[in-house]
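The values are calculated or read from the model by the stated rules, or taken from the named source; none is laboratory data. Since the structure is predicted, the reported quantities are computational estimates derived from the model, not experimental observations.
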Amino acid sequence: MNFRTAKLMFAATLAAAGLSVSLASPAAAAPAYCTASKYGNGATAYCYASASGTQFRAVAYCRYLTPSGSFDYSNFYGAWRTQGDPGNSTVACGAGWSFLSPNAQTR
């Protein structure tokens, strides 16, 4: 195999890997030291003091059935909270939306 062919194969492999990552499901594990769970028609999240000082919020991934019969998907976000403080972040899916999965986001 010559150098040009090897470069093309490597580039194709990287492109395929990038495509598979971009098509990944939005349902993912909560960040380290955080828990997220279903709460009514939405999500609740809490992040422990292990990463104190950072902020977190609940994320609810939801689905909406449109009048044409197709589905729209969206994330709904709770209020930012300081990690380690008492209290969860909670969020509900919008009116007419169905809850699919919970998660937490940190910054």
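For the stretch 50-107, which residues satisfy the criterion of being charged (D, E, K, R) and within 18 Å of Y33 (Cα to Cα)?
The initial filter retains those residues of the stretch 50-107 that are charged (D, E, K, R), namely 57, 63, 72, 81, 85, 107.
Across the stretch 50-107, the qualifying residues are R57, R81, D85, R107.
Could you check, for the stretch 37-48, whether at least one of its residues is modelled with pLDDT of 95 or more and either part of a helix (DSSP H, G or I) or basic (K, R) (or both)?
Yes - at least one qualifying residue is present in the stretch 37-48.
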